[in-house]
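S.K.: This is the structure, below, for whatever I ask next.
FYI, it's all coordinate maths here, none of it is from the lab. All values derive from a computational prediction rather than experimental measurement. Because the Cβ atoms are built from the backbone with ideal geometry, glycine has one as well, and the counts that use them run over all protein chains shown.
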Amino acid sequence: MTNPTETAQWAELTSASTNVPSIRSLLEAPRSELRVTGPGLVADFSRQRLTVSTRDLLLELVASTHVCHQRDAMFAGEAINSTENRSVLHTALRRPVADPLVVNGTNVSADVHQVLGRLSSFSTSIRNGEWTGVTGKSINRVINIGIGGSDLGPAMAYTALKNYADPNISFAFVSNVDPEDMVSALATSDPERTLFIIVSKTFTTTETMMNARLARQWALDSLNVQDPREVVERHFVAVSTNAAEVDAFGIASQNVFGFWDWVGGRYSMESAVGLSTMIAIGPEAFHELLAGSFAMDQHFLTEPPATNIPILMGAMSVWNRDFLGISTTAVLPYAQVLARFPAYLQQLTMESNGKRVRKDGSLVNYNTGAIYWGEPGTNGQHSFYQLLHQGTEIVACDIIVVSRGHTNQTEQHETLVANALAQASVLSVGVTREELAKSSTPVELISHKEMPGDRPVTVLMLETLNPFSLGALIALYEHSVFVQGAIWGINSFDQWGVELGKKVAVGIQSAFEDRNLTADFDSSTRESIKEYLQQRDGD
Ligand code: F6P
């Protein structure tokens with residue numbers, strides 16, 4: 001495995017980074033070679049702070065770190081998730097049945113399409129009212145219970161595609177162990193017409209299991225049917241890889257939709273984890289979502305590096321992170337329906353590439369995953385953009401523009417798009433002291449109004465936000481994350497860092513019960529437990 005810092009390109013890129021022209025000067029000539037059309041979207045990298053020759057150096061780094069070889073290994077089903085000895089095959093979820101993937105003698109695609117068929121029949125029966133609750137009424141409310149990858153993808157997709165959703169069914173996504181989340185979703189649900197989808201790859205996640213038990217109790221109490229199994233049978237379905245735990249919860253096997261250990265939680269929204277999405281938009285539109293991702297997969301697999309959008313996006317993210325020292329990226333969708341997209345991307349990017357050791361366990365001697373966050377435009381403009389424009393921290397920005405909206409308010413939509421393009425320009429080009437002086441800015445305000453620019457911006461422009469383009473956008477980010485991880489030589493598909501906190505929480509909860517403040521707790525935790533117990537009990 002190549003350490004990227006030991007490649008010739010790393011040294012050349014380091015030297016290039018000491019003398020990078022400003023984005024303003026780079027844009028004096030058209031940079032059309034940095035605007036690339038792909039499935040469902042156009043990616044404009046012309047506002048990145050790099051020359052075309054630096055881009056070429058980055059593509060050489062991609063070659064010398066064997067990114068395409070690693071990509072091919074992933075698509076072929078090799079166990080590239082080395083710490084869990086698993087394949088990483090979310091790309092198989094969208095592969096057409098006519099082009100099956102066989103891994104170690106198993107026809108993976110046959111399994112995928114068998115589950116897709118069951119999901120389609122089930123979703124259709126909910127949508128057309130054939131499936132009824134225990135009292136014979138059709139379903140008008142779906143509550144998805146899950147957390148992390150079992151929540152963020154489905155919640156994001158539902159919001160993003162709400163213009164395609166069946167208006168007769170309302171959806172809620174409950175994730176937090178804070179009981180407020182579940183209780184408020186139940187408050188607006190009719191028990192006779194509510195379907196719960198319990199989504200958990202492991203079916204052992206504390207938050208999800210507690211919320212599922214709360215929902216089951218609520219359904220049993222409010223429906224008051226003699227045989228509780230009937231209530232669970234008509235109102236609860238599960239999406240999981242853990243059949244034994246699902247069975248122990250009481251959900252019958254015909255109501256279980258499986259997936260596989262080769263689908264990571266944050267990469268799972270196009271597996272059975274997307275059941276709520278399919279119920280909302282229907283099987284046909286769900287297949288369009290898959291088609292969009294598949295089209296981006298093909299682009300990633302076949303397009304030459306200089307026009308390969310995920311490769312370019314991933315390589316430029318490494319440039320920003322390691323050579324320009326930019327530690328954070330704001331995701332700014334100029335589309336209210338993409339309101340949950342930054343939260344979804346936070347898990348995808350930070351759980352994947354928030355790693356400090358390489359695949360062989362050695363410490364990295366370079367920076368890895370950036371911090372991702374964001375809010376839809378134009379809202380963010382009236383909130384945190386001040387720091388983006390004039391703060392001391394340089395933030396890279398991904399601006400997502402949708403050319404055609406779903407309302408008939410075209411003028412208002414144009415205001416939205418104009419703002420997106422204006423921000424892309426101002427962030428990257430800025431305004432100089434000379435320009436301010438020429439526009440008769442009072443001299444004492446010139447330094448306050450100066451906009452340094454040079455914030456790298458990628459603009460992703462989608463003609464329209466539909467299932468296909470959303471699928472393409474999701475796959476683009478998945479693959480960009482992959483490219484970054486492959487260059488860095490880290491495992492983007494495990495998440496050991498999230499485990500210890502869960503274990504410690506169990507110990508702390510026991511201490512709430514038995515008040516045994518053992519030496520296992522650090523001194524501050526011991527004091528916090530005491531404080532909590534006093535406040536809880538009003539001592
Ligand atoms: O704790 C992190 C995590 O394991 C995520 O990776 C995952 O998406 C989430 O928890 C939920 O896990 P599960 O689907 O098994 O409930």
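S.K.: Which cross-chain or sequence-distant (5 or more) residues have an amide H under 5 Å from the amide H of W262, H modelled 1.01 Å from N in plane?
M.R.: So W262 has HN proximity to no qualifying residue.
S.K.: Which of the peptides 498-510, 332-344 is most tightly packed, and how do the rest follow, judged by the mean count of other Cβ atoms within 10 Å per residue?
M.R.: So the peptides 498-510, 332-344, ranked by packing, come out 332-344, 498-510.
S.K.: Gain in length, A98 to A29, computed as 0.36 nm per residue apart minus the alpha-carbon separation, to one decimal in nm?
M.R.: Stretched fully, the A98-A29 segment lengthens by 20.2 nm.
S.K.: I would also like to ask the following. Determine Rg/Rh for the range 27-124; Rg is computed over alpha-carbon atoms and Rh is the Kirkwood hydrodynamic estimate from the same atoms.
M.R.: 1.14
S.K.: Next question, about the same structure. With a 10 Å Cβ neighbour count serving as the proxy for reagent exposure, in which order, fewest first, do R213, R141, R515, R118 appear?
M.R.: Starting with the residue having the fewest Cβ neighbours, the order is R515, R213, R118, R141.
S.K.: In what sequence, highest mean first, do 101-109, 285-293, 272-280 appear when ranked by Cβ atoms within 10 angstrom?
M.R.: 272-280, 285-293, 101-109
S.K.: Going by the alpha-carbon gyration tensor, a ≥ b ≥ c the square roots of its eigenvalues, is the range 241-371 rounded (a/c under 1.5) or, if a/c is not under 1.5, prolate (a/b greater than b/c) versus oblate?
M.R.: The shape class here is prolate.
S.K.: Among H448, H479, rank each residue by its count of other Cβ atoms within 10 Å, from fewest to most, as a rough exposure measure.
M.R.: With the fewest neighbours first, H448, H479 line up as H448, H479.
S.K.: Shifting gears a bit: In whole Hz and in residue order, list the ³J(HN,Hα) couplings for the range 411-422 that follow from phi through the Karplus curve 6.51 cos²θ - 1.76 cosθ + 1.60, θ = phi - 60°; x for Gly and Pro.
M.R.: 5, 5, 5, 5, 4, 4, 5, 4, 5, 4, 5, 5
S.K.: For a test of the definition: using alpha carbon positions, the gyration tensor, and the 1.5 limit on a/c, classify the range 129-241 as rounded, prolate or oblate.
M.R.: The shape class here is oblate.
S.K.: So what's the range 324-461 giving for Cα Rg divided by 2.2 N^0.38 Å, two decimals?
M.R.: Cα-based Rg divided by the globular estimate yields 1.25.
S.K.: Ignoring everything except DSSP H segments at least 4 long, calculate the 222 nm mean residue ellipticity for the chain; use -39,500 (n - 2.57) per segment, divide by total residues, nearest 500.
M.R.: My calculation for the chain gives -13500 deg cm²/dmol from helical runs alone.
S.K.: What Kirkwood hydrodynamic radius, in Å, does the chain give when the mean of 1/r is taken over all pairs of distinct Cα atoms and then inverted?
M.R.: Radius from the Kirkwood sum: 25.1 Å.
S.K.: For S510 and R356, what is the calculated FRET efficiency with R₀ set at 25 Å and r taken between the beta-carbons, to the nearest 0.05?
M.R.: 0.25
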